[in-house]
Amino acid sequence: MIRIPSFVKNLKPYKAGKPIDELVREKNLDRIVKLASNENPIGPSPTAIKVIQKHVLGLNRYTDPASHDLVQAISRKYSVQPNHIICGHGTDSLLAYIINAFTTESDEVLTSEGTFIGIYVSVRKKGRKLVQVPLKNYGFDLDGIYNAITEKTAMIYLANPNNPTGTMFERTEFEAFMAKVPNHIMVILDEAYTVYAEHNPEYPNGVGYEYENMVVTRTFSKAYGLAGLRIGFAVGPDAVIESLYKVKLPFEPGLLAQHAAVAALNDDDFLDQTTALNKKSLELLEKGFTEIGIQQVPSAANFILTIMPNEQFAATFCEECLNHGLILRHVNTFGIPAGVRINSGTLDETNFALTVIKNVYQKLSGNLN
Ligand SMILES: Cc1ncc(COP(=O)(O)O)c(C=O)c1O
């Protein structure tokens, strides 16, 4: 009989937001709106679609393992040397590579409670110990994280803006933190939601720093609208990037993903449209939640974390919203038991969501009294 290591036996598989097709199969609904995975509601960048169509006939060939054209495009856009950039199959993949390459058995990875579940999964999958510091006002407590460093800490994970809370730490706080963290500890700065936050002059744009112990990850899954293609990149010191190439699967990311990402990276019209819609949708949601009386956390990203009266209420609330065709994300598995996250949608989707949420919340609150 094959022996399954205990750290694998104890893993909880990653549970993504419910796919639309699954809900269609389960329930007989006229309309389904998914606002559960922080995707771009407009669709993929149109220039990316054109490029994908153009390159489909090249699918019989293996991809370029070094993503040459995409690395060059990222290098030009962010003024970063190409040997400081690596592309992968989305941030999730890059996080797994970083943990593989830079931690050993006895090492600990330090982060916050209530942050991106993907890092929890990646650390545990590798059998490493995860150490979590409580959130402070729903944001990363950088002082708390610094104070929790021990001789076993090999890595610190930060997400800015954070998922699922949408909070952002500012430049001065971040720089003070980096100045204190010993430089043998690698800091991962996950910037999946940068496009929504970078207009803020206080936003510490990670790719603009050159810390010798920091690696920044970015994804094309959110604002660029390419979640289904699986593509992201990391920026860090050349020695770090060189090590990541050694652990990366050679033909990742795929051919279409590489070409589409080059196109999407510079599709400024699409990004402007995306951020403008996000702003309007979030404003509608904030106003709606205030009117309904739902507690919410101010967001710097493309989603809002709402806080329900308790975990059971949050679970029933999400289930009831599903019954009305609205897919939301209960973020108990992220470490926020009463939290429900909703991302921005088209204005029509947002209004639909608010109607469902109002009905369900009021019905359940009535039951609560
Ligand atoms: C903070 C954060 N990092 C990374 C990811 C995953 O990105 P990717 O689709 O590139 O794997 C997400 C997706 O929800 C996220 O919220």
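Evaluated against (1) within 14 Å of the ligand (Cβ to nearest atom); (2) of a type in the set (A, V, I, L, M); (3) free of Cβ contacts under 8 Å to residues at least 12 places away in the same chain, residue 99 falls short on exactly one condition, (3).
Taking the criterion of being out of contact with any strand residue (DSSP E or B) (no Cβ under 7 Å at 6 or more places or on another chain), hydrophobic (A, V, I, L, M, F, W, C) and farther than 14 Å from residue 195 by Cβ, the residues of the stretch 33-55 that qualify are 48, 49, 51, 52.
Has the stretch 306-315 got any residue that is under 30 Å from residue 94 (Cβ atoms) and either out of contact with any Phe, Trp or Tyr (no Cβ under 9 Å at 6 or more places or on another chain) or β-branched (Val, Ile, Thr) (or both)? Checked against the condition, which is being under 30 Å from residue 94 (Cβ atoms) and either out of contact with any Phe, Trp or Tyr (no Cβ under 9 Å at 6 or more places or on another chain) or β-branched (Val, Ile, Thr) (or both), the stretch 306-315 yields at least one hit. Does residue 57 fit the bill of being of a type in the set (A, V, I, L, M, F, W, C) and farther than 28 Å from residue 272 by Cα? Yes, satisfied.
Residue-wise test of (1) over 19 Å from residue 160 (Cβ atoms); (2) assigned by TED's automatic domain parsing to the domain that holds residue 364; (3) crowded, with 18+ Cβ neighbours inside 10 Å; (4) of a type in the set (Ser, Thr, Tyr).
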{"position": "242", "(1), (2), (3), (4)": "yes, no, no, no"}
{"position": "245", "(1), (2), (3), (4)": "yes, no, no, yes"}
{"position": "262", "(1), (2), (3), (4)": "yes, no, yes, no"}
{"position": "305", "(1), (2), (3), (4)": "no, yes, yes, no"}
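Within the stretch 160-180, residues that are more than 16 Å from the ligand (Cβ to nearest atom) sit with their Cβ atoms under 7 Å from residues that are in a helix (DSSP H, G or I), at 6+ positions apart or across chains, in these pairs: 173/142; 177/142; 177/146; 180/146.
Residue 226 passes every criterion in (1) within 12 Å of the ligand (Cβ to nearest atom); (2) over 30 Å from residue 51 (Cα atoms); (3) not charged (D, E, K, R) apart from (2).
Test residue 17 against the stated conditions and say whether it is modelled with pLDDT of 95 or more and touching a Lys or Arg at 6+ places or on another chain (Cβ under 7 Å). The answer is no for residue 17. Could we say that residue 225 is in contact with a Pro (Cβ under 6 Å, 6 or more places away or on another chain), at pLDDT 95 or above, crowded, with 19+ Cβ neighbours inside 10 Å and not hydrophobic (A, V, I, L, M, F, W, C) here? When the stated conditions are applied, residue 225 passes them. Taking the conditions exactly as written (under 22 Å from the mean Cα position of the chain (by Cα) and touching a residue at least 12 places away in the same chain (Cβ under 8 Å)), does residue 18 satisfy them or not? Taking the combined requirement at face value, the residue satisfies it. All of 86, 52 fail the test of being under 30 Å from residue 210 (Cα atoms), in contact with a helix residue (DSSP H, G or I) (Cβ under 8 Å, 6 or more places away or on another chain) and among the β-branched types (Val, Ile, Thr), apart from 86.
The set of residues in the stretch 134-152 that are crowded, with 20+ Cβ neighbours inside 10 Å and β-branched (Val, Ile, Thr) contains only 145.
The values are calculated or read from the model by the stated rules, or taken from the named source; none is laboratory data. Here the structure is a predicted model, which is why all the values come from computation and not from measurement. Cβ coordinates were reconstructed from backbone atoms using ideal geometry, including for glycine residues, and neighbour counts include every protein chain displayed.
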